[in-house]
Amino acid sequence: MRVAASAAKRVVADARRDAAALPAAVRRQLAWKLCLLPSLAVLGAVTVAPAVYLLVTSLTPLDLTRPDTARDFTRPLVNYRLLLDDDRFWNSVWVQIKLSAATVGLQLAGGFALALLLNVRSGFLEACRTVFLIPMVLPPIVVAILWKVLYTPDISPVHWAFAAAGFPIPALITDPNLALPAIVIADVWEWLPFTMLMVLAALQMMPDEPVEAARIDGASAWQVTRHVVVPYLRPTLLVAGLFRLIDSIKAFPLIFVLTDGGPGTVTEVTNYYAFRQAFNFSYLGFSSAITVVMVAAVFALSWWLIRVIGAGADIE
Amino acid sequence: MSERSRSATGSTGASAHPPGRSERWGAWGAISGPPTPPSRRPAARRGRRQRFLAHLLAVVLLLLVSAPFLWLLGMSLKSNADIFAMPPRLLFRPTAEHYVAVWHSEFPRALWNSTVVSVLTTGLAMLIGVPGAFALSRGGVRATGRISLWILATRMAPPIAFTLPFFLIYRHVGLLDTRTGLVLIYLTFNLSLVVWMMRSFFDATARSLDEAAWIDGAGIWDTFLRINLPLAAPGLAATAVFCFLFSWNDFFFALILTRTRAVTAPVAVVNFLNYEGWEWGKIAAAGTMVMLPVLVFSVLVRRYLVRGLTAGAIKG
């Protein structure tokens, strides 16, 4: 770090000598640009360049087993045309919608309700907060393994407890009807604390006056929540929801470890389908096209959410 | 606050609403109040009930959150017979056999790979990103809004969007299955994280100090190294820990870009799941070793956790 810092210092010093005649403000402007340049250059190299490469790859029928396909631009839109008629792709989109709606909805509603109930100041609750942070900082792969243990009847204390109570439950992750709900439960366990803590943090910064005023004006608890607290929390809920939505589209380790997209394709979300096309079947061109569509959808969705729902929220 | 509510608060007087009220009972205590201005005693009783409910709920949540990973921890110390024992054993004779077995496998090398890659990518991202963040915070760069949008976009894109092009490029330049390759791809998320988080930390340090230093003839680098960097030290530490955690936790990039030599710990854990049959003891032991450093580090940065997890969307 010191080497690079002194090198950078030297660069700035050189620039300063060259620009000795310039006024201080101009020299400073130059220094700011020198500070910013490495970040932008590297960020561009690791994000923009791959994005362009992805787009180009999506226009070829690239198949790793046939190297000649890498520069075949004869039918640039073939992947996208195939995609339109690909039932498995549309199924993956539908699975994604179900998964995202269920997880984001449950996490927002649950996080909001729990935060309202926990909004009490006490040392004990402060201490709890650190524990509530654990699921979301655990390596996602460890979370997936935890739930693999809980969902495996041979060794699962949960399966045993239900059986002992007289309600034996089937193995969730191998049941076509229950596999997706099983993933939803695990995801909610992992991320509900996140929305809860975000809402709680916002609640504790909420000024008392509007609530007091509404109460004195005769508003019921429900009315106060609906008309004072919810509008106040809207930006927070939006940010939390947006983050959970984006992450739910990235969902990977849970599905990889718990169900591998199965049984059949009932838990195969779009991200997972793209992964399979690329790294199980080595159709990288087709997978790139899926990914391009997915990225475009994520951006469009986020943009729409920020514009339509979040007008006035403190989002950049 | 409206004219009417102000007069209403005034007329009920401060005795009904001592200033410390919400300090002790929180906003929900005020929300759930009856429509008429309450006398002090029912409010106090309600406050106690609210506190009791909140604590009860917190204990339930505490169990739900911590039971799964404590179970994994316990499993890693059980003999195979105890793991499969039904009813599940809460009390058992602990054994280190799985840790010993894991230690004599390939796993320590994977742990070492994870450590090296995470430390290097953190250092690199900090070195490049911190000056950039400082320039964004202080330099009055005109494109700040566009740059932050770009950073947000990289946060949104699903990892597979970077993985596909990086995979193809790495195949050509021989960076597949190398630690260097991982260090570079981790910059896609770490660099934007550093720029974003450090910008908000720099924003929080006083500008007047650097202006005073400039007037005394100090250059930007002197000001930066001697004033701003020391002032932002807690932020630097928190940001570095975040970079480390995100790199350590990564599963997807490492799964695809490594095979044998550069395999990181999360991928190695899954290899126990796939290739060695269902060796739950080893899986639990390896999983515990992956999650322990994360638990330690996240306790260190718990104050900044929500901020780090939402980097890119919320100002400050």
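What follows draws every value from the coordinates through simple rules; no lab data is involved. All values reported here derive from a predicted model rather than from experimental measurement. Reconstructed Cβ throughout: ideal geometry from the backbone, glycine too, with neighbour counts over all protein chains shown.
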If the limit is 26 Å between Cα atoms, which of A:K98/B:K282; A:K250/B:K78; A:K98/A:K250 go over it? A:K98/B:K282; A:K250/B:K78
Along Cα→Cβ, 7 Å out, is where each label goes; now give me the distance between the ones at A:E126 and A:M205 in nm to one decimal. 1.9
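When you look at the Cβ of every residue in A:235-242, what mean number of other chain Cβ atoms sits within 10 Å? The partial results should precede the final answer.
Numbers: counts 1, 1, 0, 1, 3, 3, 0, 4.
Taking the mean over all residues of the peptide, I get 2.
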Along segment B:221-228, Karplus-curve 3J(HN,Hα) (6.51, -1.76, 1.60; θ = phi - 60°) to the nearest Hz, with x for Gly and Pro, reads 5, 4, 4, 4, 6, 9, 10, 6
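Sort A:159-168, A:75-84 by packing, meaning the average of other beta carbons within 10 Å per residue, with the highest value first.
Working: A:159-168: 12.5, A:75-84: 14.2.
Top of the packing list down: A:75-84, A:159-168.
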Starting from the amide H of A:G262, placed 1.01 Å from N in the peptide plane, find each other amide H under 5 Å away whose residue is 5 or more places distant or on another chain. A:T267
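Kirkwood-based Rg over Rh for the protein assembly as shown (C-alpha set), two decimals? Don't skip to the answer; put the middle values down first.
Working: Rg = 26.8 Å, Rh = 26.9 Å.
Over the Cα atoms of the protein assembly as shown, Rg/Rh equals 1.00.
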B:A67 to A:R307: FRET efficiency via 1/(1 + (r/R0)^6), r the Cβ-Cβ distance, R0 56 Å, to the nearest 0.05? 0.85
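For B:L53 and B:N80, FRET efficiency with R0 = 51 Å and r from the beta-carbon atoms, rounded to 0.05?
Working: r = 43 Å, r/R0 = 0.84.
After rounding, the FRET efficiency stands at 0.75.
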Cα to Cα, under 20 Å, and not fewer than 8 places away if on the same chain: which aspartates and glutamates meet these conditions relative to A:K33? A:D14, A:D18, B:D203, B:D210, B:E211, B:D222
Nearest-0.05 FRET efficiency for A:W90 and A:I169 at R0 = 45 Å, using Cβ-Cβ distance, is 0.90
Relative contact order in percent for chain A (Cα pairs under 8 Å, 6+ apart) equals 26
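If each residue of separation counts as 0.36 nm, what is the full-extension length gain between B:V119 and B:A204 once their alpha-carbon separation is subtracted?
Result for the pair: 27.9 nm of gain on full extension.
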Along segment A:80-92, what does the Karplus equation 6.51 cos²θ - 1.76 cosθ + 1.60 (θ = phi - 60°) give for ³J(HN,Hα), rounded to whole Hz, x for Gly and Pro? 5, 5, 4, 4, 4, 9, 8, 4, 5, 5, 5, 4, 5
Taking placed amide H atoms and a strict 5 Å upper bound, the residues 5 or more places from B:D177 or on another chain that come that close are B:T258, B:R259
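If you take each beta carbon of peptide A:129-136 and count the beta carbons of other chains within 10 angstrom, what is the mean?
On the way: counts 3, 5, 6, 6, 9, 9, 5, 4.
Across the residues of A:129-136, the mean count of other-chain Cβ atoms within 10 Å is 6.
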